[in-house]
Amino acid sequence: MPKRRSIYKIALFALAFALLYSCLEAKDAPGLRARVVDASSSRVQIQWSASFAPRAISVRLSPEPFTTTRKPKPPQVLYTARKAGSMLYLDNLAPAADVFIRMEIAGDDKLYVADLHARTLGGPRAALDNPVREAHLYAPDVLGVTLANGDGKAWEEGTWKVRRQDAVTPISVKRAYRRSVPVGAPVYEVGWGKPYDNARLDVDHTIFLVLAEPVGSLEILYVEGPEGVRFILPVSDRYLETPVIQLNQVGYNPRAARRYAYVYGHLGDGGPLDLSAFPEEANILVESKNPLKPRPFAFNAIPLQTASSFDADAGGPVKQIDLSIIPPSPDLRFRIQIPGVGVSWPTAVSEEAFFRTFYVAARGLFHNRWGGDLASDYTEWSRPSDHPFVYTGELVDFSQKYPADTPKVGKRPLVGGYHDAGDFDQRPPHIIVAMLLMSAFEYEMTRFTDGQFTIPESGNGIPDLLDEALWGVAAWEQLQEEDGGVRLGVESSQHPGGYQLASDDPLSYWTYARHQTITAHAAALFAQASRLVRTYDPARADKLLERAEKAYAYARERQAPSAYMLYAAGEMLLLTGDSSYKNDFERAWESMGAYGAFNKFAANQAGFSSFHSALHAPQQAFAMVDYLMGYLASPYASPTIKANSRKWLIEMAQRLTETTFRAHAHKNPRPDGGHMGWGQGATMGRYLDVGMALLRLGDLPAGLRQDLFDAMSLAVDYMLGANPLGMVYYTGLGARRVQEPLHLDSLVFVKQGKGPVPGIPIFGPIDGEMRAPWAEATFAAFYPRVNDLPHALRYGDVRTLVFCNESTVWENYAPNVKLLAFMIGDGQMPPERWLPGQPGHKDPLP
């Protein structure tokens, strides 16, 4: 332990020095003023003025700040800039690149110097001057050039030339490989029934140029390719980003003992990236707050360890970098540097950076409220409230839709609950949203405060997480009838017919029929909500208790499935202490078999199929761990059931941590060999219910408690970019994030220039190509074909790939919000800069 403390003291001293150094400001040369006024994907525009008569102007380019003390010194290339009055134009630059510029102007028998920094536009969805989207080193001797649209095959097979800083010395190109990925389907009009074209796609082609020799740590490359491609690429392994480093792009949890970044790449038809030529160590740099000052080192010589010589998900070798040495640093952003290759996207290690993810994810649910008030006071993605009423119908099979000519009778208000991304119904699985949020709230209530989410209820004296859960409960309150029965949800006659805001949906919606399955679940929900809200609003607690009692009686009389009666009876027992509920719980437990709930237990979340089975074959209904928590928390629970439940949950949790730490090179809790599709490869919260339940029960060995926290943290890291794709599986977070979710509100806001609503998770990679007419052209645009790619790379950020880019509130949103809620610090609040109208409201970076 003393050695560990010593390392941390040294680390904190180094970080303090780095922070001070990174804030130092550069001074203008007296008599000369120059500034970068514009930058596009290939051009930088400089405005300058002088208090003297200039005799000669020269411009030099460098891949690093001119003030660096690095040895050897970075190259400085004399650049011939276009001049137009007080403007200088630097053309033919690479996109998404840091360019350091030194202006030297002779006059008054002196040489005046001004140093400038510019960042050209580039990367996903950037407006481009030409086809080149970005360029990176993927290895010391592999240059990747991404080009937008055009003929990928011609770019791969055409002639490429790479020359060094003197613009003469060539680096031979030994071969070229290609990976083509559809990145958008931009042709659609906003409005019901308006036209769209699913075959007109944006496709990015990355050409991997395998070079005859390493580029080096410092260089300026002149690159020429087919069809007139030409650009100048400043290469610094401390500034040029490389996609071969995958890491959490928002912020690591500082209380996690296990934090990693990963090194992996795939060259399309060239297969997995060979890591044998990579250096054995990496470094960590601090993002300088003054770009004209070099990025200081925080830590040196961190080993690149082998995570897997062949990982099944990634389809190749993966290395890992242990980041646990980095202490919490609320004011710093870091980049990982691989010498001779480049740096990662920025990241952080801090409570605030982690809370940012929770804040954005929780507000994703807020943006999907049925009937929600998305006023501009709460979001810059504002729209009117939607679907204020529904009609009453009696359809029982919730997998079916209503005929369009269904009578519009029994009009009733419905303001509560949530709709999904690509449609606006509410079906039985939606009920678990409120359950998962209340489960998180019960873990450590001091973590959650009023005003934490910036929602309309903020300021009412109730913690916002509980307010959000109560919004979910409200839908089922309004779907309850006088006899206590609760309806299965609401549905329309078809999916929405176009791309429009939820508030512009012209469809009519009808309730489903009452059913004992959903009524038992609702009884538990009402009881749990009554217990939790009583401290803040006793009157509402009393009403919820009344609803719970009526729903319970309805479900019990009609013999609801035993799994659901466990949940209802357990929550009623914890709320009331009435022994009849204890007896009902134990009868339901015994009816499920010798091991009670664990005879039919969903260690991961019960899904749509489970609810469907419960409706048509009640004996097939599975119990979730949340169904047991009310009973296990009761002082009246059977000691035997409590002891056995704890024993079996601990065994499951130990398997869960083992899977998370060892099953995959990019560490995550998905079962080894498990499917990727429909969110199973991206929504990590769905796998961690058992671990979170144990944390709620408490009294765990310290080692297991930390292991569970680490497993949860690694799951979050995976979702936030520490995955083989290097993609944040959310909108509004990170450098490489989802930008075209099949989320109808978002697709309207994209057309308005706002980008998608932040906090929308997506299904992510799929198991393989799926037959659907709207996706045929998108699948055809992949090269190599989807089924020929490693499993974790089978993804496209395109609205036509429903299987990748849609989501549901119960499969994706709520499980992740629950996971994140278990991990934030006590009482954290959003800083003012995150609020609507403030500069940080839309900022996706840490």
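Points to keep in mind about this one:
- Residue count for region 126-149 under the criterion of being out of contact with any strand residue (DSSP E or B) (no Cβ under 7 Å at 6 or more places or on another chain) and either open to solvent by 50 Å² or more (accessible area, probe 1.4 Å) or modelled with pLDDT under 95 (or both): the result is 3.
- If the condition is being in a strand (DSSP E or B), more than 16 Å from residue 267 (Cα to Cα) and either of a type in the set (Lys, Arg) or free of Cβ contacts under 8 Å to residues at least 60 places away in the same chain (or both), then region 163-188 contributes 163, 170, 171.
- Residue list for region 212-262, restricted to those being touching a Ser or Thr at 6+ places or on another chain (Cβ under 9 Å) and of a type in the set (Phe, Trp, Tyr): 231, 252, 260
- Top-ranked residue in region 53-79 [being among the polar types (S, T, N, Q) and farther than 14 Å from residue 166 by Cα; ranked as farthest from the chain's Cα centre (by Cα)]: 58
- Residue tally, condition assigned to a loop (DSSP other than H, G, I, E, B) and either free of Cβ contacts under 8 Å to residues at least 40 places away in the same chain or open to solvent by less than 10 Å² (accessible area, probe 1.4 Å) (or both), over region 674-699: 11
Residue-by-condition table, conditions (1) out of contact with any Phe, Trp or Tyr (no Cβ under 7 Å at 6 or more places or on another chain); (2) open to solvent by 10 Å² or more (accessible area, probe 1.4 Å):
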{"residue": "580", "(1), (2)": "yes, yes"}
{"residue": "590", "(1), (2)": "yes, yes"}
{"residue": "604", "(1), (2)": "no, yes"}
{"residue": "612", "(1), (2)": "yes, yes"}
{"residue": "617", "(1), (2)": "yes, yes"}
{"residue": "621", "(1), (2)": "no, no"}
{"residue": "625", "(1), (2)": "yes, no"}
{"residue": "629", "(1), (2)": "yes, no"}
{"residue": "633", "(1), (2)": "yes, yes"}
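- Search result, residues across region 708-755 that are outside any loop (DSSP other than H, G, I, E, B), of a type in the set (D, E, K, R) and either modelled with pLDDT under 95 or open to solvent by 10 Å² or more (accessible area, probe 1.4 Å) (or both): 737, 751
- Tabulated pairs, region 108-127, first farther than 25 Å from residue 740 by Cα, second at pLDDT below 90 and of a type in the set (Phe, Trp, Tyr), C-beta under 9 angstrom, 6+ apart or interchain: 108/52; 110/52; 112/52
- Region 747-767 residues that are touching a residue at least 24 places away in the same chain (Cβ under 8 Å) and acidic (Asp, Glu), paired with ones that are open to solvent by less than 10 Å² (accessible area, probe 1.4 Å) and part of a loop (DSSP other than H, G, I, E, B) (beta carbon under 8 Å, 6 or more apart): 767/676; 767/677
- Tabulated pairs, region 32-54, first closer than 18 Å to residue 111 by Cβ, second assigned to a strand (DSSP E or B) and among the polar types (S, T, N, Q), C-beta under 6 angstrom, 6+ apart or interchain: 33/49
- Of the candidates 369, 412, the single residue that is buried (at least 17 other Cβ atoms within 10 Å of the Cβ) and basic (Lys, Arg) is 369.
- Qualifying residue in region 375-396 (condition: free of Cβ contacts under 8 Å to residues at least 12 places away in the same chain and touching a strand residue (DSSP E or B) at 6+ places or on another chain (Cβ under 6 Å)): yes
- Top-ranked residue in region 79-105 [being of a type in the set (Gly, Ala, Ser) and within 17 Å of residue 37 (Cβ to Cβ); ranked as most open to solvent (accessible area, probe 1.4 Å)]: 85
A quick yes/no check of all residues on (1) of a type outside the set (S, T, N, Q); (2) at positive phi; (3) not in a loop (DSSP other than H, G, I, E, B):
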site	(1), (2), (3)
42	no, no, no
70	yes, no, no
78	yes, no, yes
89	yes, no, yes
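- Exactly one residue out of 575, 566 is open to solvent by 10 Å² or more (accessible area, probe 1.4 Å) and of a type in the set (A, V, I, L, M, F, W, C): that is 575.
The values are calculated or read from the model by the stated rules, or taken from the named source; none is laboratory data. Computed from a prediction, not measured in an experiment: that's the story for all the values here. FYI the Cβ positions are ideal-geometry reconstructions off the backbone, even for glycines, and counts take in every protein chain you see. Side chains are part of the model used for accessible areas, which takes the heavy atoms of the whole protein and leaves out ligands, DNA and RNA. Shrake-Rupley method; radii C 1.70, N 1.55, O 1.52, S 1.80 Å.
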